[in-house]
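The values are calculated or read from the model by the stated rules, or taken from the named source; none is laboratory data. Keep in mind the model is a prediction, meaning the values are calculated, not measured. We place every Cβ from the backbone using ideal geometry, glycine too, and count neighbours over all the protein chains shown. Each accessible area value is taken on the protein alone, full model and side chains, heavy atoms only, with ligands, DNA and RNA left out. Shrake-Rupley method; radii C 1.70, N 1.55, O 1.52, S 1.80 Å.
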Amino acid sequence: MRPDDWHLTEDVDSFLARAGDFLRSRPGRHIMQLTWAERVRKRGADAFGAVAPLFGVLERGGEVHATFYRLPPRGFGLSPLTPEQADALAARLAALGHFVPHVSADHRTATAFAEAWRRHTGATPKPRDPRLRLYRLETLTPPDPMPAGRGRVLGERDLEHVMFWCGEFARAVGEDVSISADTWADTRFADKRYTLWETPDGTPVSVAGMNPLIGGQIQVDIVYTPAHLRGRGYAAAVTTEVSRAALAAGARDVVLFADLSNPTGNALYQRLGYRTLTDWTVYDFRRDTLESPAA
């Protein structure tokens, strides 16, 4: 395999025209490719910083075998790759002087690329905590009984409420993001639909969000219950509600990521009918060994 089998473009429409059918053929494993390509298509490349997004397609004999996206400063995501494919991509990007701060992919692919990037650039990869697991819904199995209360979909008039809950979630998971009325539209939280679980007296106790329908698939993202309210079934209830909403919206597949260091959350999703699709890893590359970012 030659490094120039990888075709690079900054045009998301060209990327989707070339690779869209391939990505939609296995939407679960391509969830991040589909999600970020759609965000760039809708918001425009300028919405993501001064460095243009970059997309790549591995194509041989007219057949697409793999893809990637690079979206500074949000990093670099890969579809499943063999070690040979990962090495060819690392060689191509290194030869062109491209900057890769971190890589995000299924565990085998991320590890193969991290090792290849180290060989070609001298960069030292470090696996990021927490490790993640990607789940796909098989048959939704709601908790029985459900906790007292009801789910409520949040609309445009609930924006302040939505921003508050997303801010709480971001702080809880250590996500470096500023959420306010001025910054909201540029965050990854802005294109989601949110559901609250409320107790019978109307007190909100848990929130879940879902991404738009892309390629026949919806990703549940986020699920959050304040620490002092956990253990009462609220997260299971709100995840059930948002999963039902995803199916009602026409999703053939419903997926979500879970933190592997949280056995309670993983057990909850499995009880609701989510099954493991793949483990997911992010490697950071030490900046003191990397080349300067390419323009």
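Per-structure values
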quantity: Single residue of A237, A246 found to be over 25 Å from S25 (Cα atoms) and assigned to a helix (DSSP H, G or I); calculated: A237
quantity: Test set (1) at pLDDT 90 or above; (2) open to solvent by 40 Å² or more (accessible area, probe 1.4 Å) - V162 fails condition number; calculated: (2)
quantity: Members of segment 142-159 that are assigned to a loop (DSSP other than H, G, I, E, B) and farther than 20 Å from G231 by Cα; calculated: L154, G155
quantity: Members of segment 195-224 that are open to solvent by 10 Å² or more (accessible area, probe 1.4 Å), assigned to a loop (DSSP other than H, G, I, E, B) and either in contact (Cβ under 8 Å) with a residue 40 or more places away in the chain or among the β-branched types (V, I, T) (or both); calculated: T199, P200, T203, P212, G215, G216
quantity: Flag for P101 being more than 12 Å from the chain's Cα centre (by Cα) and closer than 24 Å to F257 by Cβ; calculated: yes
quantity: Filter result for the condition that a residue is touching a residue at least 60 places away in the same chain (Cβ under 8 Å), touching a helix residue (DSSP H, G or I) at 6+ places or on another chain (Cβ under 8 Å) and not assigned by the TED database to the domain that holds R232, over A114, A95, A90; calculated: A95
quantity: Test for F22: is it open to solvent by less than 10 Å² (accessible area, probe 1.4 Å) and either modelled with pLDDT of 95 or more or among the small types (G, A, S) (or both); calculated: no
quantity: Output for segment 145-193, where each listed residue is out of contact with any Phe, Trp or Tyr (no Cβ under 7 Å at 6 or more places or on another chain) and under 23 Å from L272 (Cα atoms); calculated: P145, M146, A148, R150, R152, V153, V173, K192, R193
quantity: Residue check for E168: over 22 Å from L54 (Cα atoms), open to solvent by 20 Å² or more (accessible area, probe 1.4 Å) and acidic (D, E); calculated: yes
quantity: Filter result (open to solvent by 10 Å² or more (accessible area, probe 1.4 Å) and in a strand (DSSP E or B)) within segment 55-90; calculated: E59, R60, E63, V64, H65, Y69, R70
quantity: Whichever residue in segment 91-140 is in a loop (DSSP other than H, G, I, E, B) and of a type in the set (A, V, I, L, M, F, W, C) and, among such residues, is surrounded by the fewest Cβ atoms within 10 Å (Cβ to Cβ); calculated: L140
quantity: Hits in segment 132-153 - residues which are touching a helix residue (DSSP H, G or I) at 6+ places or on another chain (Cβ under 8 Å) and not hydrophobic (A, V, I, L, M, F, W, C); calculated: R133, Y135, T141, P142, P143, P147, G149, G151
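Results for (1) assigned by the TED database to the domain that holds T240; (2) within 19 Å of A246 (Cβ to Cβ); (3) under 18 Å from the mean Cα position of the chain (by Cα), shown as yes or no for each residue.
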{"position": "R108", "(1), (2), (3)": "no, no, yes"}
{"position": "D144", "(1), (2), (3)": "yes, no, no"}
{"position": "G151", "(1), (2), (3)": "yes, yes, no"}
{"position": "E156", "(1), (2), (3)": "yes, no, no"}
{"position": "F169", "(1), (2), (3)": "yes, yes, yes"}
{"position": "D186", "(1), (2), (3)": "yes, no, yes"}
